[in-house]
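The values are calculated or read from the model by the stated rules, or taken from the named source; none is laboratory data. It should be emphasised that the depicted structure is a prediction, and the values quoted were computed from it without experimental measurement. FYI the Cβ positions are ideal-geometry reconstructions off the backbone, even for glycines, and counts take in every protein chain you see. In case anyone asks, the SASA skips ligands and DNA or RNA and just uses the protein heavy atoms, side chains included. Shrake-Rupley method; radii C 1.70, N 1.55, O 1.52, S 1.80 Å.
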Amino acid sequence: MEKDIDKLIQGLCQQDGQAQRCVLQLYGEMIFGQIARIVACYEDVEEVYQDVFVKVFRNIRSYDSSQASLATWMSRIAYHESLNFVRHQREPIVYVDDRDIDLESIQDEELAQVFQQQDEQTILMIEMALEHLPPYELALITMFYFDDMSIKDIAYTTDSTPSTVASRLSRTRRKLYRIIQSLDYER
Amino acid sequence: MNDKELYNTRLHDINLREAIVRRAQKRPQMPANLNERLMERVEMRTPRPSIVPHWVWLAMAACMVVAFFLGFTLFDCIILQPSLQASRQSSEPPKTIYASVTDTTYQDPALVDEYIAKLAAQYEVVQELPDSIAITDAGVVSFAYMFPDYKEVDVLDHMQQVACWYSNSAPGYLLHMTNDRLLFELQDEMKGRRYLWIVEEIGPNTLLYGINSPQTATISYACYTNYREKCIFIDNKSKFCNF
C-alpha cells in the first residue's frame, strides 16, 4: 500500500494524468465532503474543490510524507481553501461568539446528558446548533467526530498544535451545549 | 481535557456524532462528472510534452525556410528591383530610351503626328499651314487642325490616349490638361527634336496645334496665340453670321 502511494506521489510529481485521475478517484469524495461541510453553496463547493486539486497537483513537490499522510496533506489544503472562501464571501455571516458565553461553569454531567444519551429530539437540536458554529469550529468538530481524524492530524491540517486543538474541541463541545440551551429556551 | 479523555468522549458522544453525520449526509453529493471537468481544467493548464511527431516539426521548419526565401525573392522583385531600375534611370542620361533605332524601347514621337493625320482624315479635317504659323523659326514646323463639333470627335480624349502610349519617364515627357485644354510634349533624343501638341476647345470646335522644332530652338507661343485668336474671331464671326 505504502509503495502504491509512493508510486502515486511520483506520478503526481511528473504531472502524470493517470496518477492525477487515480488521486481524484481515491480521495475526491472525501475532499468534496470536507469542503461541502464548510462551504454552504453547492456551486461554490465545486469551485473550491477544483481549486483544491489544482493546488494539490501544482504543489505536490512540497508534500513531505514524514509530516502527514497524503490524505491529511490534501485535507489541510481543502480546509484552508474552504475557510478562505467563506471568509471572502460578500455577505458576512454572524455566528455565535463564545466571548459572551459562560463555558467554564458547565458541568461534565450536563454535557454527557445532552451528547451521550441517545435522543432523537436532542440530535435534531444539535443539528440546528451546528449551524450556529463558525466555520473553523464546525470544521474542527467534523474532522474529529465524522472523519475520525487524530488530534495530531487535525493540528497539522489546521496549522495548529495538538494541545490547542484539544482545547478548542472541548470549548466547541461546551459551546454547542450553550447554543442548544438557548435554542431550547427560544422554543 | 487531555487527548485520551477526548478520544473517550468521542466514543460516547453518540448524539453529537449522529447529528454531525446527519448534517454531512444532507450536504450535496459529489457530481459524477466533476473529476472529468477538473481534469479538463488541469490539462488545459499543464504544459504537456509534444505529441506531434518530429517529422511534422521538420516539415514546418522547411516550409518556413521556403516561405522566407520566397518572401525575400518577391520582396527583391517587387520592391527592390523597380527601385533599383528607377535609381539607374535617374542616374543615367535620359538617352537610354531613344538610344538607337533598333532599340525596342524607342518610342517615336512622330507617331503622334501620324495618328493625328489619320484622325483628321477620318473626320475630313484639313491640315492648315498658313504662312504666318508654318515657319516661325529655322527648322520649326507648326501645323493646325480645327476639328468641328467636339461632341462628335473628342480630340482631347484622343490626345489623352495618345499620351498614354508613351512612358512618362520618356525624355521631355510633359502632359498637362484641364477640362477644355491639353498640352503634350515629347523630346526625341535620337533625332534631337522636340514635339509639342496643344489641344483646346474653342466654341463648338477643337483646335489641335502642333509644333515640331529642334531641341535647341527657343519656341515662341506667339504663333499659337495668334492663330488661336484668329480662330476665335472666325468663330464669333460665324456666330454673328448665323445669328
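Side notes on the structure shown:
- Residue that is farthest from the other protein chains (Cβ to nearest Cβ), among those in segment A:148-157 that are under 15 Å from B:L6 (Cβ atoms) and touching a helix residue (DSSP H, G or I) at 6+ places or on another chain (Cβ under 7 Å): A:D153
- Condition check for A:K175: open to solvent by 70 Å² or more (accessible area, probe 1.4 Å) and among the basic types (K, R): no
- Single condition A:I180 does not satisfy, out of (1) at the interface with another protein chain (Cβ under 9 Å from one of its Cβ atoms); (2) under 15 Å from B:N15 (Cα atoms); (3) open to solvent by 10 Å² or more (accessible area, probe 1.4 Å): (1)
Let's see how each residue does on (1) at pLDDT below 75; (2) open to solvent by 70 Å² or more (accessible area, probe 1.4 Å); (3) among the basic types (K, R); (4) not in a helix (DSSP H, G or I):
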| position | (1), (2), (3), (4) |
| --- | --- |
| B:Y195 | no, no, no, yes |
| B:I198 | no, no, no, yes |
| B:L207 | no, no, no, yes |
| B:S213 | no, no, no, yes |
| B:A217 | no, no, no, yes |
| B:T225 | no, no, no, no |
| B:E229 | no, yes, no, no |
| B:I234 | yes, yes, no, no |
| B:C241 | yes, yes, no, no |
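- Filter result for the condition that a residue is modelled with pLDDT under 60, open to solvent by less than 100 Å² (accessible area, probe 1.4 Å) and assigned to a helix (DSSP H, G or I), over B:A86, B:A59, B:A99, B:A67: B:A86
- Of the residues A:I126, A:I106, the single one that is out of contact with any Ser or Thr (no Cβ under 7 Å at 6 or more places or on another chain), in contact (Cβ under 8 Å) with a residue 24 or more places away in the chain and crowded, with 21+ Cβ neighbours inside 10 Å is A:I126.
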